[in-house]
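Report on one structure; see the data block that follows.
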Amino acid sequence: MPRGVSRGVVALLLSCTLLLTTAACNDDTKSTSSAATPSASASFEQQKLAKTRFVANAGLAAGATYQWIVKPYRAGKFKKGADGRTFALVKAGLAGAFTYNRLKAALNNAKGDPLLSKAVAPLAAGIESLKELGAKLRKGEVGDADVGAFENVINSVKDAGRSAGAEVVDQVPSTSQLGG
């Protein structure tokens, strides 16, 4: 089998695996009405270390977005005919799904802290808008608006964390973290 074809098959399998695991981990059967009126959980329901978990999840999302979506896009890796375009697009797709997953987890963590829940709740719609962008990245149908959407949501989450006293610092996840 030619090397290019085998790489394509491996990339396709990895993308499908991530898509299936992300979908399995993201079973959202709750109503979204709680996002409209943010309120902290009762003290016995609050998560342990909610701010710390929020910072870790949001930091991983920010690091993945910058490292595997924004930076390659600005370097022209997603343009047709660019060297390593397919690999860059696959990594960007994985990073997109990873980012969405970590931002959803950060939103969940924020519910355990009264100040964070009020600061982050308005961002739920922005985070939901990223749901389909991972697949769009993998297909190579990405544009300035798509990359800008990732940057805007990440910056909004960072600002909300900062206003609640939870400074978010970019943490670049390993390639194995993206895939699993």
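Determine if the stretch 90-98 includes at least one residue that is in a helix (DSSP H, G or I) and more than 12 Å from Ala135 (Cα to Cα). No, the stretch 90-98 contains no residue that is in a helix (DSSP H, G or I) and more than 12 Å from Ala135 (Cα to Cα). Figure legend. Inter-residue proximity from the stretch 73-88: first residues closer than 17 Å to Glu151 by Cβ, second residues among the β-branched types (Val, Ile, Thr) and part of a helix (DSSP H, G or I), beta-carbon distance below 7 Å, spacing 6+ or different chains. Indicated pairs: Tyr73/Val147. In the set (1) open to solvent by 50 Å² or more (accessible area, probe 1.4 Å); (2) at pLDDT 85 or above; (3) farther than 13 Å from Ala61 by Cβ, Glu132 fails one condition alone, (2). The condition of being at pLDDT 90 or above, more than 22 Å from Val169 (Cβ to Cβ) and open to solvent by less than 80 Å² (accessible area, probe 1.4 Å) holds for only one of Gly76, Gly4, Gly59, that being Gly76.
Yes/no per residue for (1) open to solvent by 20 Å² or more (accessible area, probe 1.4 Å); (2) of a type in the set (S, T, N, Q); (3) modelled with pLDDT under 85:
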{"residue": "Lys48", "(1), (2), (3)": "yes, no, yes"}
{"residue": "Thr52", "(1), (2), (3)": "yes, yes, no"}
{"residue": "Lys80", "(1), (2), (3)": "yes, no, no"}
{"residue": "Lys111", "(1), (2), (3)": "yes, no, no"}
{"residue": "Leu115", "(1), (2), (3)": "yes, no, no"}
{"residue": "Ala119", "(1), (2), (3)": "yes, no, no"}
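Just one of (1) surrounded by fewer than 22 Cβ atoms within 10 Å (Cβ to Cβ); (2) at pLDDT 90 or above fails for Leu107. It is (1).
Against the list (1) at pLDDT 90 or above; (2) among the polar types (S, T, N, Q); (3) surrounded by fewer than 18 Cβ atoms within 10 Å (Cβ to Cβ); (4) in contact with a helix residue (DSSP H, G or I) (Cβ under 8 Å, 6 or more places away or on another chain), the condition Thr17 fails is (1).
Of the residues making up the stretch 136-180, those that are in contact (Cβ under 8 Å) with a residue 40 or more places away in the chain, in a helix (DSSP H, G or I) and open to solvent by less than 30 Å² (accessible area, probe 1.4 Å) are Leu137, Val147, Phe150, Val153, Ile154, Val157, Ala160, Gly161, Leu178.
The values are calculated or read from the model by the stated rules, or taken from the named source; none is laboratory data. Just so we're clear, the structure is a prediction, and the values are computed from it rather than from any experiment. Virtual Cβ from ideal backbone geometry, glycine too; neighbours counted across all protein chains shown. The area values use the complete protein model at the heavy-atom level, side chains included, leaving out ligands, DNA and RNA. Shrake-Rupley method; radii C 1.70, N 1.55, O 1.52, S 1.80 Å.
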